[in-house]
């Protein structure tokens, strides 16, 4: 018999298990119940197993009850600590308010006394100050008249200075406007000069481009139509020279000097020879690359063919070995068949009987192994159940030690016997 209290308040007398330990015990009991509900061994009665399952369920319910009690105690402890904290804060607040009231009354009395003293003091001083004010008023009137005269003189001087400043400002503004106008005129002249320079540069570029086009056209005509070179060139040059000599402003300029015909023909031939040589070099390089790729491809195909032939020979040899082994097996099978036929019908019946006995022994052995496994599992979860329930009992006893006897109540926990003799 184990005593368990109602988890009332009390002074701690030793280490008490926490809610985490009870949760671990609950998880272990649930695992044991899942194993206990599996297939039982045939050597145990179902009534005993059901009784043990019921006892485990009772232990699980007790552990869950302990968890709920732990939660309730923790919640009550938090609420109690919160109430104590609020009570202490309220007491401190009341003490502080009482001190503040006393301090306020003391300061109020002190202020009233000081105000009475100040009132008497200021009444005396007001009489003295009144007499002084009269004398100060007379002197102030005299000083005010002097100040008015000085102010009039200062005002006249200020007006003169303002007039002089206005004149100087007008002169400086006029001077600034004149400088701005001059800067604008200079900027316009600079922009105009830059535009003229840009226009002249564009005109020079245009004329240079036209001269270049004329040279190209002339070279093309000389290369394509040699027999029209003399007459066509003169007409074309005369026309272009007439168009080029007249500019936008009507001023004549010098015509371009062309190279001789022989020099141009020589340059064309040299260009053709260089292009032909470069073409031959590129053609030779491409041909060499094509030949190199063809040689590489030929070598790769040759290696693939050799590998394929070696693999084919290996497979043929393997097939021949398989055929030999099959023929040997066939020969041994025919020999064994002839031997069995020679033994007769009695030998066949004995073999069938031996096979049946062997199958039966195998089934019995499998059933025996299964029963042994079930018995081991049964013993294992019984031992685990005993350990877990003992752990639960120790935890409850530890809780009982820190609670007063008047809050305890008796509880019977299940005790599962150890089954080492199965």
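Counting beta carbons within 10 Å around each of 32, 128 and listing the fewest first gives the order 128, 32. Per-residue Cβ neighbour counts within 10 Å put 66, 379, 37, 26 in the sequence 37, 379, 26, 66, beginning with the fewest. Ordered by the number of other Cβ atoms lying within 10 Å of each residue's own Cβ, fewest first, 175, 218 fall into the sequence 175, 218.
Simple spin-label estimate for residue 87 and residue 35 gives 5.0 nm between the two label positions (7 Å along the Cα-to-Cβ direction from each Cα).
Here, each number is a calculation from the coordinates, and none is a lab measurement. What you see is a predicted model; the values in this text were computed from it and never measured. Methodologically, a virtual Cβ is constructed for each residue, glycine included, from the backbone with ideal geometry; neighbour enumeration extends over all protein chains shown.
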